[in-house]
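Scroll down for the structure; my scribbles are underneath it.
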Amino acid sequence: MGVELVLQYFDGCPNWWLADQRLRSALHHVEESSRVVVYQLIRTPQEAQAVGFRGSPTVLVDGIDPFADPVTPVGLSCRLYRTPVGVEGAPTVDQLVDAIRRVERLRADGTEATPRTLR
């Protein structure tokens, strides 16, 4: 069984559309194209605080943010990602494929996926 994928976003940030396109491409690459992506709209700073939202877009793989930077503040902001071609508004397809596969490998090994085990 595949991993659970959640795309967190807020309406004021256009980058979540790019993240959605790349996430769907990544799912195709890992042969999970039929997998459902859950979309979570974050509406308020209080909601952002409650879920630890570090900006839009955020992709959670089995509840873990594989791109989390602990110094990034929680809140309603557009998030930037370091990619091989520079800073972008979403992880690349390859970065998403890698994150999904790492979580799947950890699960298969019986290891809990945490931000630390994903590094």
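Identify, please: which residue in the range 1-49 is acidic (Asp, Glu) and modelled with pLDDT under 95 and is, among those, nearest to Arg79 (Cα to Cα)?
That would be Asp11.
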Quiz item: Do any residues in the range 1-20 that are within 17 Å of Ala99 (Cβ to Cβ) have Cβ atoms under 9 Å from those of residues that are β-branched (Val, Ile, Thr) and part of a helix (DSSP H, G or I), where the two are at least six apart or on different chains, and which pairs are they?
Solution: Gly2/Ile100; Val3/Ile100; Val3/Val103; Leu5/Ile100; Gln8/Val51
Quiz prompt | Single unsatisfied condition, Arg102 versus (1) surrounded by 14 or more Cβ atoms within 10 Å (Cβ to Cβ); (2) charged (D, E, K, R); (3) assigned to a loop (DSSP other than H, G, I, E, B) | solution = (3)
Exercise. Name the one entry in Arg35, Arg43, Arg107, Arg54 that is of a type in the set (Lys, Arg) and not in a loop (DSSP other than H, G, I, E, B).
Key: Arg107
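The values are calculated or read from the model by the stated rules, or taken from the named source; none is laboratory data. From a predicted model like this one, the values you see are computed outputs, not experimental measurements. Glycine also receives a Cβ, built like all others from the backbone with ideal geometry; neighbour counts cover every protein chain displayed.
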